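A.B. asks: Below: one structure in structure tokens.
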Amino acid sequence: MLITAARRLSRDSLARNSLLIMATTVSNGGLGYLYWMLAARTVPPYRIGTATALISAATAVSMIANLGAGHMFIQRLPGSDTGTWSRIVGVGLSAGTVATVAASAATALVIPDLSGNFAFLSGPAATAALIATAVAITLTTLLDNLYVAHRAGHGMLLRNLAVAGGKLVTLVAVLAAGFHGAVAVLLSWTLPALLICLVTIVAALGRLRPGARPRLTGLRTELPHLRSALTGHHLINLTQAGPAAILPVLVTARLGADANAHFYLAWMTASMLFMVSPAVASALYAERTNAADVPVTRAAVVVLAVVGGPAVVLLFAGDLVLGLFSAAYAVEGGPLLRILVLAALPDAVANLAVAHWRSRGEFRLCRRLNLVRAVTCLLLAWLLLPTHGVTGAGLAWLAGQTAAAVLVAAVAVFRRLPTGSVAAGGGGCADGPEAVLTAGRSGPADGETPQRGDRRGTTEGPESGAHGVPDGVEERQRAGGESPTRRK
């Protein structure tokens, strides 16, 4: 039976790569527990709070500044020739890095004046730490998407195991050297990530595409595609993942670094659930860009199978898990963790819906759904944090995900189609929730292209298939490269 199951798994690209992506999450989470458990037991909470606040700020900066290059990789690399591959990867990595450096420097100059709780970002040392951490996160994100584009989840797993293990080993070494403050946490968290990213770029990418190496030339050729990624994929990514990156920043701004330490460890624990549906959604999108007509229902089954058990454990034994850090973390973060666990299901519904719509080129629908949950979450968090403490952030997150899931269900009902099917032309009702999400749509949005009307709702656009459409991949394969950009 096990052999039969293994053979079926090897033939099912979606399940195989989804599981490999989730294995990356689980291994990172397991080693991350050891890392933060050691840090929490050896570094004072207020120092942990400072370090996690800086990491949170760096995550938010990276989210804004990576320019959507990761999903551009998933969309454009399948079927590209060696020269085009080298140009896309080189320009995407370099543009994301430069934008992250600039955004980090600007953040370090502005945020301390806006919130006294971020005064620790003042000074050249803090600015350098923020830049290094944000660049490490950007490169990690883009390289992970590069592996997803090639459906090479095993390579991403090994790379992330090296990063997570490197963080733990470096933390032990730094603590042994006598450093027991925020610097110890930041050095051990950032340096291994940067080092493994550089090793990956120099030595490992050639295995994904033999004979290809990232090139820094061709920026002018890539600018139209970067603009398309920025106005299309990146806006979807910002409204989808932005609240997760910004919530810890809001906690620090409203409650201080000490409160963020308790929030961050509960959030990190729950993130093992939140990372599953985005991983499966990315695998689903990659499958469809590689000409596989995979129904979203199959992706939903994979998510439920993986999330169900851990969600039950965290719901009923979350206090014990947080107690491994210290009793104080369990008391402060226990209720928050349970609320976050409950939010995992509506979060998965929204993420899979966005991946499904994105693969059909319905970018405006994706953006507006994500905007609803982002605004709901962040606005409620700002209002609830002063009165409910860190639990208020969890309530705001649950409200935002639930609002998005309700809208997804309403759109599915009004379209009168199964959620997993793909309608020709992306048609829908003129009234109802879908009309609200697509109000004012008289033509394609920025970064979005009109429907061609085949059975999968394929699109035309930059590179004759701008949104990862199988037909576009076939056209590039026949042409041996890319077709001219046709923005409309």
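The values are calculated or read from the model by the stated rules, or taken from the named source; none is laboratory data. None of these values were measured; they are calculated from a predicted model. Every residue, glycine as well, gets a Cβ built from its backbone with ideal geometry; the counts of neighbours run over all protein chains shown.
A.B. asks: Taking Arg360 as meeting all but one of (1) over 23 Å from Ala261 (Cβ atoms); (2) modelled with pLDDT of 85 or more; (3) not polar (S, T, N, Q), write down the number of the exception.
C.D. replies: Against the list (1) over 23 Å from Ala261 (Cβ atoms); (2) modelled with pLDDT of 85 or more; (3) not polar (S, T, N, Q), Arg360 comes up short only on (2).
A.B. asks: I would also like to ask the following. Of all residues in segment 40-54 being of a type in the set (A, V, I, L, M) and more than 11 Å from Ser326 (Cβ to Cβ), which is surrounded by the fewest Cβ atoms within 10 Å (Cβ to Cβ)?
C.D. replies: Ranking the qualifying residues of segment 40-54, first place goes to Val43.
A.B. asks: For segment 17-31, state whether one or more residues are of a type in the set (Ser, Thr, Tyr), surrounded by 20 or more Cβ atoms within 10 Å (Cβ to Cβ) and modelled with pLDDT of 75 or more.
C.D. replies: no
A.B. asks: Only one residue in Ala119, Ala129 is assigned to a helix (DSSP H, G or I) and either within 20 Å of Leu198 (Cα to Cα) or modelled with pLDDT of 85 or more (or both), so which one is that?
C.D. replies: Of the residues listed, the single one that is assigned to a helix (DSSP H, G or I) and either within 20 Å of Leu198 (Cα to Cα) or modelled with pLDDT of 85 or more (or both) is Ala129.
A.B. asks: State all residues of segment 131-171 that are of a type in the set (Ser, Thr, Tyr) and over 23 Å from Ser94 (Cβ atoms); if no residue qualifies, say none.
C.D. replies: The one that is of a type in the set (Ser, Thr, Tyr) and over 23 Å from Ser94 (Cβ atoms): Thr170.
A.B. asks: When you look at Arg254, is it crowded, with 20+ Cβ neighbours inside 10 Å and either over 19 Å from the mean Cα position of the chain (by Cα) or not in a helix (DSSP H, G or I) (or both), yes or no?
C.D. replies: yes
A.B. asks: Take the residues in segment 385-406 that are under 20 Å from Tyr329 (Cα atoms) and either out of contact with any Pro (no Cβ under 9 Å at 6 or more places or on another chain) or of a type in the set (Val, Ile, Thr) (or both); name whichever of them is surrounded by the most Cβ atoms within 10 Å (Cβ to Cβ).
C.D. replies: Top of the filtered list is Val390.
A.B. asks: Kindly provide the set of residues from segment 93-109 that are of a type in the set (Gly, Ala, Ser), buried (at least 22 other Cβ atoms within 10 Å of the Cβ) and touching a residue at least 60 places away in the same chain (Cβ under 8 Å), ordered by number.
C.D. replies: Ala95
A.B. asks: Report whether or not Ala162 is surrounded by fewer than 19 Cβ atoms within 10 Å (Cβ to Cβ), at negative phi, in a helix (DSSP H, G or I) and more than 17 Å from the chain's Cα centre (by Cα).
C.D. replies: Against the criterion (surrounded by fewer than 19 Cβ atoms within 10 Å (Cβ to Cβ), at negative phi, in a helix (DSSP H, G or I) and more than 17 Å from the chain's Cα centre (by Cα)), Ala162 qualifies.
A.B. asks: Could you please find all residues in segment 275-313 being touching a residue at least 24 places away in the same chain (Cβ under 8 Å) and within 21 Å of Leu336 (Cα to Cα)?
C.D. replies: Met275, Val276, Ser277, Val307, Pro310, Ala311
A.B. asks: With the structure loaded, tell me whether Ser122 is surrounded by 20 or more Cβ atoms within 10 Å (Cβ to Cβ) and without any contact (Cβ under 8 Å) to a residue 60 or more places away in the chain or whether it fails that test.
C.D. replies: Spelling it out, it is not the case that Ser122 is surrounded by 20 or more Cβ atoms within 10 Å (Cβ to Cβ) and without any contact (Cβ under 8 Å) to a residue 60 or more places away in the chain.
A.B. asks: How many residues are part of a loop (DSSP other than H, G, I, E, B) and among the small types (Gly, Ala, Ser) when one looks only at segment 175-225?
C.D. replies: Adding up the residues that qualify gives 6.
A.B. asks: Any residue in segment 72-92 that is of a type in the set (Val, Ile, Thr) and at pLDDT 85 or above sitting within a Cβ distance under 6 Å of a residue that is surrounded by 24 or more Cβ atoms within 10 Å (Cβ to Cβ) and outside any loop (DSSP other than H, G, I, E, B)? List the pairs, counting only those 6 or more apart or interchain.
C.D. replies: Close Cβ pairs (under 6 Å, with a partner that is surrounded by 24 or more Cβ atoms within 10 Å (Cβ to Cβ) and outside any loop (DSSP other than H, G, I, E, B)) amount to Ile88/Arg76.
A.B. asks: Moving on to the next point. Anything in segment 363-377 that is closer than 19 Å to Glu287 by Cα and either without any contact (Cβ under 8 Å) to a residue 12 or more places away in the chain or surrounded by fewer than 24 Cβ atoms within 10 Å (Cβ to Cβ) (or both)? List them, or say none.
C.D. replies: Within segment 363-377, no residue meets the criteria.
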